[in-house]
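Every number in this text was worked out from the coordinates using simple rules, so none of it is lab data. Predicted, not measured: the structure shown is a model, and the values here were computed from it. Backbone-built Cβ (ideal geometry, glycine too); neighbour counts: all protein chains shown.
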Amino acid sequence: MPDTVPNTHDFAKQYDAIGWSLVAIPAGSKAPQTFSWQTNPTPSSFWASHPTHNIGLLHSKSNTVALDIDHMLNTRTIFEALNIDLDAILATAPRIVGRPERGKVLFTAPETFALSTRKISWPREDDPRLRDVVFELRAGSVQDVLPPSIHPDTGQPYTWAGVPFTEIGPIPPQLLTIWTEWDRFRPQMADLCPWKRAEEFKPPPKRRRVENRDSSVIEAYNAANPMGDVLTRVGYKRFGNRWLSPSSSSNIPGVVIFDDGRAYSHHASDPFDPAHAFDAFEVFCQYEHLGNVGGAVKAAAEALSMDSLPVGPSDEDRAMMRHGASVAATIMGRGKVFGPKTSAIPSHLLTIPGVLNDVATYSSKTSIKLQPQFDVQAALAFGSVIMGRRYITDSDNMSSLFFLNVAKTGTGKEQANKVVSRLLDHCDLDHLRGPAGYTSEGGVLSALKEAPCHIATIDEFGNYLAAAGSSGSVNMRQSISMMMEAFGRQTGTISNRGYSTAAMNDAQRKAIKIKISSPSMTVLGMTTPETFYDAIGSKDAASGLLNRFLIVESLTGYQKSRKPAMIDPPAKVIAWAKAMASPAAENILQDQGPEFPPEPVLIPFSATAYEMFSDYEDIIIGRMENEKSEIVNSMMNRSREIAMRLSLIVAGSLGDTEISTHAARWAIDYVDYYSQASINLLKNNMFEGDTDGLRKKVAASIIASGSAGLKMAELIKLVPRLGNLKKHERDGLLAMVMEDFPIEKLVVKPVGKGRPSIIHRMMMEGDEE
């Protein structure tokens, strides 16, 4: 037996230094014998006194996984069929070698998937009743023996190959796909065994429940379209008497055609029921109409001349329709936009009662691009942080609020951030300025520990949400969760998660404990519509994230820049901010620490104002019951609370010692107007995946075209992503649009010679039954 005693402890220390959790294994064995070794790793110091013990790597606590190759040649056969370069994997990852032509390749575990151990085995060539493992994907509470441990069978030490173990990297994407989609790939890998006995397949009959008319269309389509032609049209390739699916990653032809014209697919990636054979119409339906049977039947009927499309307006008529619509829009004042679009916004919501209106005015005077709505948001955000932690209503409301300004790039949404920062500087309240975002739960708590009352201004908030929503951003998601918790705990306490402190001393235990009493976090976010709506989904509304924000989207188009006024903030505003930011009992301008908030000043609701909020709650409940919409219910259930907080800020702006009906009315109107606007915007712009987003954009473009409608080329100019789809994909998407929106398809016949063309347009009155 080789003498590895002097090296074992050295190796254990190196493994421990890179964060690996180790397992002690008795000499001459590959299996741990310590009770609960899966949850209690062995410290590296163990091998100083037990140098003959083998070393195991505990994957679940080391953030590692392994590709365990038991048969190199058979593994290579499978990987070549799946288009995976095994040699590249072996050369670019650390590999444990215990026997020739075997080995364990190590990778870091992905944050986005909880992987478990998987294995593929083939029957023995000499005895099909027995099976041998080809390779194994190892993860979770399992261990693998590390060098320089001694292999119990060969008596030789395990060695390293490939790159150094300190350069361990992530799982190659192709291998990760197989791991996460194991149930789909396993049958294909099993079928790759060269000596596996072929099983005779007899497809069971499948009944199709369709209306008589649809049945006749399907039968006629199948009679007119041989299966081979249909498969070729959608991208299948013929190899002998089998066909290769266009979505196959194995490059093994897996589709067979039976004598009756039906076919069966062994490809796990194909969209067909693996328990049944399929006909030519099903191929047409799945590949050219995304599984939309109704749309496929209609298209098949058209192709077979069983139906004819209604005739639409001629090209000349469509040109006149567009010209008339343009003239009408100009006459009605909807032509070129020279200033902000604010005509539909209630005028009293573009001003704020009290001194905060001077902040909005100051923001407007010093802006390059006019954005009256954002001027109001900036003023309210300023009031929110100034009064944070220091004022409270008799209904336990404080002033912390989340604001979000949504507008196109270059239209002036950044002005709000500049104004708030400038005001805090002039008021000597720079300590109220927080970070430009949070990257983790600890980041939120650390910022609040440093400044228990602060405002965070987050530019490109849509990108921030997109990062938090990505599968690999656990820390970002936790930061969002902690922000939501801080929003609801203004009169309570938030703290960090619990961690094991068993190995810590008293000073370390104390250092990791963070507790914030009465946290006051104001958030002012800015984003473009594109990044915001692409980043969110219904889960964000349902989770309670979006309903914590006062979302204001400006429809102001691009404006010519104006010369801003170079003036200091109004002295009245500075005096008000300094007075409001001071605790009641002491003339100081800072908080009393994260665990010792100042005694807040009470500003109660008047009896009439409180009754107004009670009536508003009745209205909210009525809407939620009538709409029965997840978006409405999610976005409305915090409206009363936000309006009450906003009324506290307005009362402070007015200098009142009681929240009056004036302050309550303005706050309710502001919150209700923008919550209703947000709901409408989310309904139209919140997409569940790429297909849903494209579907809604296509529908919106067609509806906006009015009676003239759009040809495909015209539609692609308005929605360029549509041009990236294949024809059958576009047809399938438009079939979905026609089912979900009041949109029809018409044929435009040319005057004289030429080919007819198709337009899609919004259904005119009287078109629907």
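Between Ala161 and Ile621, the modelled labels are 7.2 nm apart [label points 7 Å from Cα along Cα→Cβ]. Here the convex hull built on the C-alpha positions of the range 212-303 has a volume of 93 cubic angstrom per residue.
Sorted on the mean count of surrounding Cβ atoms within 10 Å across their residues, most packed first, peptides 637-648, 96-107 read 637-648, 96-107. Over all other residues within a Cβ to Cβ distance under 11 Å of Phe487, the charged ones net out to +2, with Lys and Arg as +1 and Asp and Glu as -1.
Distant-in-sequence amide contacts of Ile659, defined by a placed amide H-H separation under 5 Å and a gap of 5 or more residues or a different chain, comprise Phe605, Ser606.
Here the 3J(HN,Hα) profile of the range 558-564, calculated from phi with Karplus coefficients 6.51, -1.76 and 1.60 at θ = phi - 60°, is 6, 10, 6, 5, 10, 7, x Hz, Gly and Pro shown as x. For the range 5-191, the Kirkwood hydrodynamic radius from C-alpha pairs, put into Stokes-Einstein at 37 °C and a viscosity of 0.692 mPa s, yields a diffusion coefficient of 191 µm² per second.
Could you calculate the contour length gain from Thr691 to Arg124, that is, 0.36 nm times the residue separation minus the distance between their Cα atoms, to one decimal place in nm? Can you show the working numbers first?
Working: separation 567, 0.36 × 567 = 204.12 nm, distance 4.60 nm.
Answer, rounded to one decimal: 199.5 nm.
Excluding same-chain neighbours fewer than eight residues apart, the aspartates and glutamates reachable from Lys196 by a Cα-Cα span under 14 Å are Glu125, Asp126, Asp127, Asp132. Spin-label pair Val133-Ala31: with each label point 7 Å from Cα along the Cα-Cβ axis, the two points sit 1.3 nm from one another. Ordering Val230, Ser247, Ile257 by the projection of their Cα atoms onto the charge dipole of the range 212-303, which places +1 on the Cβ of Lys and Arg and -1 on the Cβ of Asp and Glu, puts Ser247 at the extreme positive end. Modelled label positions at Glu658 and His348, each set 7 Å beyond Cα in the direction of Cβ, lie 2.0 nm from each other. Spatial offset of the range 565-583 relative to the range 73-93 amounts to 68 Å, using the alpha carbon center of each. Amide H contacts of Leu401: Val523, each under 5 Å away and 5 or more positions distant or on a separate chain (H built 1.01 Å from N in the peptide plane; Pro and chain starts excluded). For the pair Ala607 and Lys196 in one chain, pulling the backbone fully straight at 0.36 nm per residue adds 139.6 nm over the alpha carbon distance.
With a sphere of radius 12 Å drawn around the Cβ of Pro246, what net charge do the other residues whose Cβ falls strictly inside it have (Lys, Arg +1; Asp, Glu -1)?
Numbers: positive: Arg233, Lys237, Lys726; negative: Asp270.
Result for the neighbourhood of Pro246: +2.
For the pair Asp229 and Glu181, the difference between a 0.36 nm per residue extended length and the Cα-Cα distance amounts to 14.2 nm. Positive contributions from Lys and Arg (+1) and negative ones from Asp and Glu (-1), summed over other residues with Cβ under 12 Å from the Cβ of Leu175, come out at -1. Hey, which of these cross-link pairs are over 18 Å Cα-Cα: Lys418/Lys560; Lys13/Lys104; Lys711/Lys745; Lys369/Lys408; Lys298/Lys745; Lys683/Lys727? Result: Lys418/Lys560; Lys13/Lys104; Lys683/Lys727 exceed 18 Å.
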